[in-house]
Amino acid sequence: MLIDNHNRVINYVRLAVTDRCNLRCNYCMPEEGIAFSDRKSLLSIDEMKRLCNILVGQGVDKIRITGGEPFVRKDLMELMGYITSLEGLKEVSITTNATLIGPHIKKLEDYGVNSINVSLDAITPETFHRITRRDEFAVVRENLMRLIESDIEVRINFIVLEGQNEDDIYEMMEFQKEHAVRVRFLEEMPFNGGSRNFRNLNWNHRKILDHIRDRYPDFEKLPAPLTSTSVNYKIPGHTGSFGIIPSFSRTFCGSCNRLRVTATGDLITCLYGKPVANLRTTLRSGLKDSFVEEALLRAVGSRAKDGFEAQEQFGPIFGSSMTSIGG
């Protein structure tokens, strides 16, 4: 079992399978993109299978597949078939922009994937195009509706971007009123690949909730696990639900139960920190699994207390892009 130096059990890993993405969201990277990793430096499917097996053996029971955009990787479904069969793994989920998932929905359902997080910062075509710099809204909308009709739990992650998509907040609330989705509104984070300066945050979790309350004053707070990053709510009569994730305010850090592994094998113990080890090097060295296990134990044994301490410890990391950090 992985227990960190603050006595927190680490049972959740976010595994990035690629740093590439087919969208160019303006809060994530410049329009021309970023310097993506050489393909040879990415973990292979076999290396990720081995790593997932080791992680589950260390007590990890939840793995989320992220990117970049995971479905840019052509061999992703081979990995999904493997990890969903791992004994001891209770939850397998994916975060995706839903542009490429269409042909795989039925197979993901058959594999027993628990949930899909759709990153969707707009529910109107114009706003979607302005943010993503791509004309993919119709495809995303179609795939989203297909996911809602499946047996997979669907969540929508909507980052509130000042001056860009505030008008879509109420539109998204109306969407969850009619459909069985969990919409989570996120504070913007400064991981934008140098696409713009990030000086302060006006739309924090309090302002987002107050804005929703102006239109929808009657809602009740839903119970959630201690490790949940979102505070969730339900409006009587609405089919879906909504939540707020204070990703920049970092009010949930005290109960953090997760690690990140980037597509190149970097191990990150805090989103606001920097890599503390590279697992790819160990996986490719010919050494036994026990050496990977030792690297994991060393990493969790010296975690920052929270995102603010990590930021102080590692210094500025805000020039990074979320697509290279691992979602």
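Applying the condition of being hydrophobic (A, V, I, L, M, F, W, C) and in a helix (DSSP H, G or I) to the range 111-131 and asking which residue is nearest to GLU174 (Cα to Cα) yields PHE128. Checked against (1) buried (at least 20 other Cβ atoms within 10 Å of the Cβ); (2) part of a strand (DSSP E or B); (3) not aliphatic (A, V, I, L, M), TYR233 meets all criteria but (1).
Within the range 278-327, being assigned to a strand (DSSP E or B) and at pLDDT 95 or above holds for one residue alone: ASN278. All of (1) out of contact with any Leu (no Cβ under 7 Å at 6 or more places or on another chain); (2) at pLDDT 95 or above; (3) closer than 23 Å to SER85 by Cβ hold for MET1 with one exception: (2).
Residues are listed down the side, and each one gets a yes or a no for (1) assigned to a loop (DSSP other than H, G, I, E, B); (2) β-branched (Val, Ile, Thr):
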| position | (1), (2) |
| --- | --- |
| LEU23 | yes, no |
| VAL56 | no, yes |
| GLY59 | yes, no |
| ARG64 | no, no |
| GLY88 | yes, no |
| THR95 | no, yes |
| LEU108 | no, no |
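Of all the listed residues (LYS49, LYS40, LYS74), the sole one being basic (Lys, Arg) and touching a helix residue (DSSP H, G or I) at 6+ places or on another chain (Cβ under 6 Å) is LYS49. Reported count of residues in the range 132-169, each being within 17 Å of ASN202 (Cβ to Cβ), part of a helix (DSSP H, G or I) and either in contact with an Asp or Glu (Cβ under 8 Å, 6 or more places away or on another chain) or small (Gly, Ala, Ser) (or both), is 1. Close contacts from the range 296-312, counting a first residue that is on the phi < 0 side of the Ramachandran plot and a second that is of a type in the set (Asp, Glu), with Cβ to Cβ under 7 Å and a gap of 6+ residues or different chains, come to VAL300/ASP4; GLY301/ASP4; ARG303/ASP4.
Conditions (1) out of contact with any Lys or Arg (no Cβ under 6 Å at 6 or more places or on another chain); (2) of a type outside the set (A, V, I, L, M, F, W, C); (3) surrounded by 22 or more Cβ atoms within 10 Å (Cβ to Cβ); (4) within 21 Å of VAL292 (Cβ to Cβ), marked per residue:
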residue	(1), (2), (3), (4)
ARG8	yes, yes, no, yes
ARG24	no, yes, no, no
ARG39	yes, yes, no, no
ASN53	yes, yes, no, yes
GLY68	no, yes, yes, no
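Within the range 30-54, the residues that satisfy the criterion of being of a type in the set (D, E, K, R) and not in a helix (DSSP H, G or I) are GLU31, GLU32, ASP38.
The values are calculated or read from the model by the stated rules, or taken from the named source; none is laboratory data. Since the model is a prediction, treat every value here as computed from it, not as a measurement. Virtual Cβ from ideal backbone geometry, glycine too; neighbours counted across all protein chains shown.
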